[in-house]
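Novice: The structure under discussion is supplied below as structure tokens; questions concerning it will follow.
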Amino acid sequence: MRKKLFPGLFLSPDLRWLVILAVAAIALYTIGLGNMPLRDWDEGYYSVVARELTRTQDWMYPTRFGQPYFPKPPLGYWIGGLGYRLFGQVSEFTTRFPMAISTALGVPLLYAVVRELTSRRREAILTAGVYLTLLPVIRLGRLHMFDGFINTLLILLLFCVLRSQKNRAWALGIGLCLAGIALAKGILAVALGGIVFAFICLDRRWEVFKNPCTWIGIGLGLSVTLGWNIAQWQRYGDVFLQEHLGFHNLARISTTLEGHDGPPWYYLLEIVKYSFPWLFFCPGGLLLAWQSRDTSQGRLVLTGTILFLGMASAMGTKLPWYIMPIYPFFALAVGPQLARPLQTYAYGLRWVFAGFVLVGVGGGVYFALADRQIPLLLLAICLTVTMGWTSRQLIQRNPNFVRTLLVGTYGCWALLMMSQSWVWEINEAFLVADVGRMVAAADIPANQAVYMSFDYGRPSLEFYAEHPVVAVDIEGLKQLHQQGQYLLLNPDALEALQIQPKAVVGTADGFSLVEP
């Protein structure tokens, strides 16, 4: 009766869940978004390019401090610049906001993908819930990096493939999604496109290839992608090919760059370290996918997991965020496993979760005594209650343990994002914001470099300083001082160079800015 009286107030179950998941994801991905300085390395690099692109309005040719910037195509910088234009200011929040939102949208999209694969709504809810609460996706998706955005494009690509069986026009999105990946991460589009192509063939979805919309979309995507690359080559010549296609794309596949190497099981360890608590259900999920390999869902999980993990592990250069595209497939494996009736091995996990009660108690004691951040103390309490209640429900063989685990994990990660510790890498060295803003406040000519007495350069410092900041040893600093360059020195370097107090124009966090 109420639906007849107020039809606009009632959504279909699927649409209602899409809204719930979108709101939950956006809240988690944006809470505390601006409470930490930008992170080295990629976030610092890309943020400078996005800010400069917004200021110069040259959307075709990315630059960094006036110099061409070749590592990545422009789409990520375009999206990053939206935050500055939308809010009218440059800050940590506005820098990260566009990528955080684009990553969050992958959660309801993954729900939609599962609904195309199965009529079981519970599987779709739990799959999206697992993806929503995977710590690597949350953390890296909140940063001004492109990996969370790539995941969303990958999920949208899968949705377009599946949905095109019912509505042929959706096949246009296949080529456009691949173009988006190519314009954000270059050669990664080949790898992800190959995985999707393999799934289409294994699942015998030949209608995709017979659909003219597929080829129209691919043609449009190729036109845009090749058009941008050709424009760069015409402007910069072979330098663009060597830097962009060579060093920053192909070389990372075959060689180890900048010391970022690791054993073949490097990414397996990354998944083990950061996929709590869903890691415990992943073996069962993969086994279930193997047992149901004659279904589209089983084929998709196995194809994506095996091919991408194999390709990433074979690469010469290894970085933690390179494994990000595995997590949609991880969630697609775990969700159906959680939706099944309580399994014997899940009952055996009661003691594992009981053990994490002790971790929560120990964390609470540590945060109360050593690192007195209220969000972290509340996180320890939340972890203790969640693990204890989950263990109790498993002892009682109560299937509602899944709901407890999902809600509790969401609460724990939300509290972590509210703390000053979710970007833990910045604690490896000095905090850059105050030092950088001190340099930016000085009257230094645009794009002129500042030379620093530190062991290595920090791109995040350059974002705040709004100038290139180059790390130089003490002998080099002596020569640069004689040449009349701006220097950023710690106390030891000040003493070694015998800098007079009147030459210091600003001091912050142990560093002094010395004018020529």
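Novice: Between the helical axis of 326-339 and the dominant principal axis of the chain, each derived from Cα atoms, what acute angle in degrees is found, rounded to the nearest 10?
Specialist: On a 0 to 90 degree scale, this one is about 30.
Novice: Estimate the FRET efficiency between Thr56 and His260 by the formula 1/(1 + (r/R0)^6), using the beta-carbon distance for r and 35 Å for R0, to the nearest 0.05. List each step's numbers first, then the result.
Specialist: Working: r = 31 Å, r/R0 = 0.89.
Efficiency computed from Cβ-Cβ geometry: 0.65.
Novice: What are the semi-axes of the equivalent ellipsoid for the stretch 401-516, taken as the square roots of 5 times the Cα gyration tensor eigenvalues, largest first, in whole Å?
Specialist: 39, 13, 12
Novice: Return the carbon/sulfur percentage of the accessible area of the chain, one whole number, probe 1.4 Å, all protein chains in place.
Specialist: 63 percent
Novice: Which peptide among 458-469, 411-422, 289-300 comes first, and what is the full order, when sorted by highest mean count of other Cβ atoms within 10 Å?
Specialist: Ranking, from highest mean packing down: 458-469, 411-422, 289-300.
Novice: Compute the relative contact order of the chain as a whole-number percentage, counting only Cα pairs closer than 8 Å that sit 6 or more residues apart in sequence.
Specialist: Here the relative contact order equals 15 percent.
Novice: Now for a separate question. From the mean inverse distance of alpha carbon pairs (Kirkwood) and the Cα radius of gyration, derive Rg over Rh for the stretch 183-283.
Specialist: 1.08
Novice: Can you list the residues, at least 5 places off or on another chain, whose amide H is less than 5 Å from the amide H of Met452, using H built in the peptide plane?
Specialist: The answer is Val470, Ala471, Val472, Leu488.
Novice: Can you give the angle from 0 to 90° between the axis of helix 172-185 and the longest principal axis of the chain, with both taken from C-alpha atoms, to the nearest 10?
Specialist: Helix 172-185 sits at roughly 30 degrees to that axis.
Novice: Now for a separate question. Pulled fully out, how much extra length does the chain show between Ala440 and Ile216, if you take 0.36 nm times their separation in residues and subtract their Cα-Cα distance?
Specialist: Full extension from Ala440 to Ile216 adds 75.8 nm.
Novice: Further question: Over the stretch 339-413, what portion of Cα pair distances is larger than 19 Å, expressed as a whole percent?
Specialist: 36 percent
Novice: Using packing as a proxy for protection, rank 57-69, 29-41, 91-103 so that the peptide with the highest average count of other Cβ atoms within 10 Å comes first. Don't skip to the answer; put the middle values down first.
Specialist: Values: 57-69: 14.5, 29-41: 20.0, 91-103: 22.7.
The most tightly packed comes first, giving 91-103, 29-41, 57-69.
Novice: Right, here's the next one. Whole percent per 10 Å bin, from 0 to the bin with the longest distance: what is P(r) over all C-alpha pairs of the stretch 52-149?
Specialist: Once binned at 10 Å, the Cα pair distances of the stretch 52-149 give 16, 36, 27, 16, 6, 0.
Novice: For the stretch 288-351, what is the relative contact order in percent, using Cα pairs closer than 8 Å and at least 6 residues apart in sequence?
Specialist: Answer for the stretch 288-351 is 30 percent.
Novice: May I pose another question? Straight distance only, please: which aspartates and glutamates reach the Cα of Lys318 with their own Cα at less than 15 Å, same-chain residues fewer than 8 apart left out?
Specialist: Result set, ordered by chain and number: Asp42, Asp147, Glu258, Asp261, Glu270.
Novice: Accessible area per residue for the chain in Å², computed with a 1.4 Å probe and the full protein assembly in place, what is it? List each step's numbers first, then the result.
Specialist: On the way: 22800 Å² over 516 residues.
Value returned for the chain: 44 Å² of accessible area per residue.
Novice: Separate question: Where Rh is the Kirkwood radius over the Cα pairs of the stretch 136-211, the temperature 20 °C and the viscosity 1.002 mPa s, what D in µm²/s does Stokes-Einstein return?
Specialist: Value of D from the Cα-based Kirkwood radius: 166 µm²/s.
Novice: Ok, one more. Compute the length gained on full extension between Ala503 and Ala471: take 0.36 nm times their separation in residues and subtract their Cα-Cα distance, giving the result in nm to one decimal.
Specialist: Result for the pair: 9.5 nm of gain on full extension.
Novice: Quick check on the stretch 221-341: what are the equivalent-ellipsoid semi-axes from the Cα gyration tensor, as sqrt(5λ), descending, whole Å?
Specialist: For the stretch 221-341, the ellipsoid semi-axes come out as 35, 19, 11 Å.
Novice: Next question, about the same structure. If you count, for each residue, the other Cβ atoms within 10 Å and average over each peptide, how do 359-371, 276-288, 309-321 line up from highest to lowest?
Specialist: 276-288, 309-321, 359-371
Novice: Using all C-alpha to C-alpha distances in the stretch 429-472, build P(r) with 5 Å bins and read off the rounded percent in each one.
Specialist: 5, 26, 38, 23, 7, 1
Novice: Can you work out D for the stretch 451-503 in µm² s⁻¹ from Stokes-Einstein, where Rh is the Kirkwood radius over C-alpha pairs, the temperature is 4 °C and the viscosity is 1.567 mPa s?
Specialist: Rounded, D is 113 µm²/s.
Novice: Follow-up question, since we're still on this one. Pop out the ³J(HN,Hα) list for the stretch 29-46 in order, Karplus 6.51 cos²θ - 1.76 cosθ + 1.60 with θ = phi - 60°, rounded to Hz; leave Gly and Pro as x.
Specialist: Karplus values, whole Hz, x for Gly and Pro: 7, 10, 5, x, 5, x, 8, 9, x, 5, 9, 6, 10, 4, 4, x, 5, 5.
Novice: Return the distance in nm (one decimal) between the two label points of a simple spin-label model at Lys478 and Arg235, each offset 7 Å from Cα along Cα→Cβ.
Specialist: In this crude label model, Lys478 to Arg235 measures out at 4.3 nm.
Novice: Can you give the FRET efficiency to the nearest 0.05 for Phe65 and Gln396, using r as the Cβ-Cβ distance and R₀ = 60 Å?
Specialist: Working: r = 61 Å, r/R0 = 1.02.
Computed FRET efficiency for Phe65 and Gln396: 0.45.
Novice: If you don't mind, there's one more thing I want to ask. Could I have the simple spin-label model distance between Ala370 and Asp14, label points 7 Å from Cα toward Cβ, reported in nm to one decimal?
Specialist: The two pseudo-label positions are separated by 5.0 nm.
Novice: Could I ask something else about it? Based on the alpha carbon coordinates of the stretch 298-357, what radius of gyration and maximum Cα-Cα distance (Dmax) apply, in Å?
Specialist: Here Rg and the maximum Cα pair distance are 15.3, 42 Å.
Novice: Dividing the convex hull volume of the Cα atoms of the chain by its residue count, what figure in Å³ per residue is obtained?
Specialist: On the way: hull volume 94.1 nm³, N = 516.
Looking at the chain, the number lands at 182 Å³ per residue.
Novice: Angle between the Cα long axis of helix 350-369 and the longest principal axis of the chain, 0 to 90 degrees, nearest 10?
Specialist: 30 degrees
The values are calculated or read from the model by the stated rules, or taken from the named source; none is laboratory data. Values in this document were obtained by computation on a predicted structure and should not be read as measured data. Cβ sites come from the backbone with ideal geometry, for glycine too, and all protein chains shown count toward neighbours. In case anyone asks, the SASA skips ligands and DNA or RNA and just uses the protein heavy atoms, side chains included. Shrake-Rupley method; radii C 1.70, N 1.55, O 1.52, S 1.80 Å.
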